[in-house]
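Participant: The structure follows.
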Amino acid sequence: MASALEENGLSSATTQTSSENGSQAHCCHDENSGPGYATPLDALTLGPREKILYVTAVYSGTGIEKPDYLATIDADPESPTYSKVVHRLPTTHLGDELHHSGWNACSSCHGDPGAQRRFLVLPSLVSSRIYIVDTAANPLAPVLHKVVEPEEISNKTGLAFPHSAHCLANGDVMVSCMGDKEGHAEGAGFLLLDSHFDVKGRWEKPGNSPDFGYDFWYQPRHNIMISSSWGAPLAFTKGFNPNDVANGLYGRHLFVYNWPQGTIKQKIDLGNTGLIPLEIRFLHDPDKATGYVGCALSSTMVRFFKKDDETWDTQVAISVPALQVQNWILPQMPGLITDFLISLDDRFLYFSNWLHGDVRQYNIEDPANPVLTGQLWIGGLIRKGGDVWVEESGGEVWQSTVPDIQGKTLRGGPQMIQLSLDGKRLYVTNSLFSAWDHQFYPSLTEKGSHMLLVDVNTEKGGLSLNPNFFVDFGDEPEGPALAHETRYPGGDCTSDIWV
């Protein structure tokens, strides 16, 4: 496979990524340093352009009885196979539901010359299996290194439904888990894997587990980790039922932990303006004691921050109003903010409205007062040609204009996003979770999802669809697949944390 890919003009991509996985000539200019970059601004200014993308691709829940896989995509515009899937690494089982991913080492290990960003950690949200993928020998064709079986995780920790994985500066990998093996949220907590990916136990101290699990981010200079709350697996794995919110099966809290002690310092109730808080990010500058969490059902970006008395508080920084609609299951449609990220210079914040269908860019140089600087419609349920119309208070109705790309109609709504290190390219996939995809966008499970590239104006702000990049997962050899999270071999703005 490697030689064939090189014959197709991909040797430059191999050179670029192997530097991060091996000698790291591009990323770490001091041979005595570890993986990643000394500072977020170093990553932005010194990091190479991404030439390889790793994307989790899912058959679970689609009706296709094939294993999920890790897709390798050629992102080098000089390559003849640009915007094509050039390798597929299948998992070992059916029904895993690959979802998020993380590295065994990142910029938090930059001070350790013995550390190496080599292994991609792939938690399976439904099966609770965790796959460890070796990207070092050939970044274009990763290989399976190890499988951590769900029985080992559950027997040693009681945890299941793993979601977010972050490397720690000591070489461990920490994985948030969303419940016990029966799907009860009361089993949520944080799994620790050692550098050999053996189960060490739970990170949090007994009696300090969160009510719900989902995402987390740590900021060591402030001795803090904060986690968010999706819901109980026994609820969300069946699709979304609004009654489950009223019945307490979805979250609305942030859990502020003492880092690294693993004890809860504070529990913050976000109320009705913070229903289903999902992705959470601090600003990249490790001295900053503020960040944001995207609250899906409320469609708000909530800023959290440390006060003078060392306690933490929140404010709604951005609110996307629900739209009054015709011909939908409910009279009002939330935007459903399902992913967001922050540029490495902490200037811009980007998020996706999965149901409305737009991606937004905000200037956050004043973190408490974000300013909308870009918006792009690339999908959604209110697009022209569909059945759903937005009705304004005066009775006017409208639908969004969504462009075609390379002669194809865009499906679903924008969901997972990943930004280039220099902040100029935003990659967008459109699968949320197979059960929810099937419920809200049935065409995704029938025709597959896709990946887009949005060009970003980093000077004045603005977003535009790049017509030359389009990965159609509907054309996959084993049948249409669902594409979710994206990673670069050299790290990115949602994988790396600075200490």
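Participant: Leaving out same-chain residues fewer than 8 places away, which aspartates and glutamates sit with a Cα under 13 Å from that of K408?
Facilitator: Within reach: D472, D475.
Participant: Hey, any idea what Rg/Rh is for segment 384-463, computing Rh the Kirkwood way over Cα pairs?
Facilitator: Rounded to two decimals, Rg over Rh is 1.03.
Participant: Next up: Report the GluC sites (Glu not before Pro) located in segment 30-115 that are in a DSSP loop and have at most 16 other Cβ atoms inside 10 Å of their Cβ, or state none.
Facilitator: When the GluC sites (Glu not before Pro) of segment 30-115 are filtered for loop state and at most 16 Cβ neighbours within 10 Å, E31, E65, E78 remain.
Participant: Assuming R0 = 30 Å, what is the FRET efficiency of D112 and K146, from their Cβ-Cβ distance, to the nearest 0.05?
Facilitator: Computed FRET efficiency for D112 and K146 comes out at 0.90.
Participant: What number do you get for segment 165-267 when its Cα radius of gyration is normalised by 2.2 N^0.38 Å, N = residues?
Facilitator: 1.09
Participant: Okay, moving on. When the Karplus curve 6.51 cos²θ - 1.76 cosθ + 1.60 is applied with θ = phi - 60°, which whole-Hz ³J(HN,Hα) does each residue of segment 164-179 get, with x for Gly and Pro?
Facilitator: Running phi through 6.51 cos²θ - 1.76 cosθ + 1.60 with θ = phi - 60° gives 9, 10, 10, 6, 10, 5, 8, x, 6, 10, 10, 10, 6, 10, 9, x Hz.
Participant: According to a simple spin-label model (label point 7 Å from Cα along Cα-to-Cβ), what is the distance in nm between N243 and L41?
Facilitator: 5.6 nm
Participant: Mind checking segment 355-403 for GluC sites (Glu not before Pro) that DSSP puts in a loop (not H, G, I, E or B) and that have at most 16 other Cβ atoms within 10 Å?
Facilitator: Passing both the DSSP loop test and the Cβ count: E365, E392, E396.
Participant: Now for a separate question. Straight-line reach from K424: which lysines have Cα under 16 Å away, leaving out those fewer than 8 places along the same chain?
Facilitator: Of all the lysines, those that pass the test against K424 - Cα under 16 Å, at least 8 places apart if same chain - are K51, K460.
Participant: So how strong a dipole does the chain carry about its Cα centre when Lys and Arg Cβ are +1 and Asp and Glu Cβ are -1, to the nearest 20 debye?
Facilitator: On the way: 35 positive and 60 negative charges, 78 e Å.
It comes to approximately 380 debye.
Participant: Debye calculation, C-alpha points only, no solvent: report log10 I(q)/I(0) for the chain at q = 0.07, 0.10 Å⁻¹, in the same order as the q values.
Facilitator: Taken in order of the listed q values, log10 I(q)/I(0) reads -0.33, -0.70.
Participant: Straight-line reach from K156: which lysines have a Cα under 22 Å away, not including same-chain ones fewer than 8 places off?
Facilitator: K146, K181, K200, K205
Participant: Still on this structure, I have one more. Output the peptides 235-246, 185-196 sorted from most to least packed, where packing is the average of other Cβ atoms within 10 Å over each peptide's residues.
Facilitator: 185-196, 235-246
Participant: Here's a follow-up. Taking every pair of alpha-carbon atoms in segment 109-223, give the share separated by more than 20 Å as a whole percent. Mind showing how you got there, number by number?
Facilitator: Numbers: 2679 of 6555 pairs.
When all Cα pairs of segment 109-223 are counted, 41 percent exceed 20 Å.
Participant: Would you mind calculating the relative contact order of the chain from Cα pairs under 8 angstrom and at least 6 residues apart, reporting the percent as a whole number? Intermediate values should be presented prior to the final figure.
Facilitator: Details: 1409 pairs, mean separation 63.9, N = 499.
The normalised contact order for the chain reaches 13 percent.
All of the numbers you see were taken from the coordinates with simple rules; none came from a lab. Since the structure is predicted, the reported quantities are computational estimates derived from the model, not experimental observations. So basically every Cβ, Gly included, is an ideal-geometry build from the backbone, and we count neighbours across all protein chains shown.
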